[in-house]
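Written out below as structure tokens is the structure these notes cover.
The values are calculated or read from the model by the stated rules, or taken from the named source; none is laboratory data. Since this is a predicted model, take the numbers as computed values, not measurements. Here the Cβ positions follow ideal geometry from the backbone for every residue, glycine too, while neighbour counts run over all protein chains shown. We work out accessible area using only protein heavy atoms, side chains counted, and drop any ligands, DNA or RNA first. Shrake-Rupley method; radii C 1.70, N 1.55, O 1.52, S 1.80 Å.
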Amino acid sequence: MSHKVTVIIEKDACGYYAFCPELEGCQSQGDTLEAVFSNIKEAIDLYLETLTQTEINGLLCKDIFTASVEVKVG
């Protein structure tokens, strides 16, 4: 069975950082966008291996929405 997992990726001076809001503590990093996607997928797979199916169903049923909001600074 497959599930969709929300992944948030941030870019900074050191590369890319990714985390999953549904899976507390599930995070990774990479030097490139391709690397961070590969690394976070592996982190998600390993994280889910530690859970029961009931726990997985409970965590992955959340609706998470992302949006950009324009604000004035200064």
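Side notes on the structure shown:
- Taking all protein chains together and rolling a 1.4 Å probe, ASP31 ends up with roughly 130 Å² accessible.
- Here's the picture: a label point sits 7 Å out from the Cα of PHE37 along the beta-carbon direction, and within region 1-24 the residues with their amide nitrogen under 13 Å of it are 7, 9.
- Candidate lysines - alpha carbon under 22 Å from LYS72, same-chain residues fewer than 8 apart omitted: LYS11
- Only DSSP H runs of four or more residues enter the estimate; each adds -39500 (n - 2.57), and after division by the residues of the chain the mean residue ellipticity at 222 nm equals -10000 deg cm²/dmol.
- Interchain or long-range residues, amide H under 5 Å from THR6's placed H: GLU22
- Figure legend: label point modelled 7 angstrom from the Cα of MET1 along Cα→Cβ; residues of region 33-74 with amide N under 19 Å from it are 44-64.
- Average accessible surface area per residue within region 6-74, 1.4 Å rolling probe, Å²: 77
- Surface share of carbon and sulfur [accessible, 1.4 angstrom probe, percent] for the chain: 53
- Between the helical axis of 33-49 and the longest alpha-carbon principal axis of the chain there is an angle of about 30 degrees.
- Between ILE44, ILE64, ILE56, the Gaussian network model of the chain with springs among Cα atoms under 10 angstrom shows the greatest mean-square fluctuation at ILE64.
- Remark: accessible surface ordering of THR6, THR66 (largest first) is THR66, THR6, probe radius 1.4 Å.
- Sorting PHE65, PHE19 on solvent-accessible area from highest to lowest, probe radius 1.4 Å, gives PHE65, PHE19.
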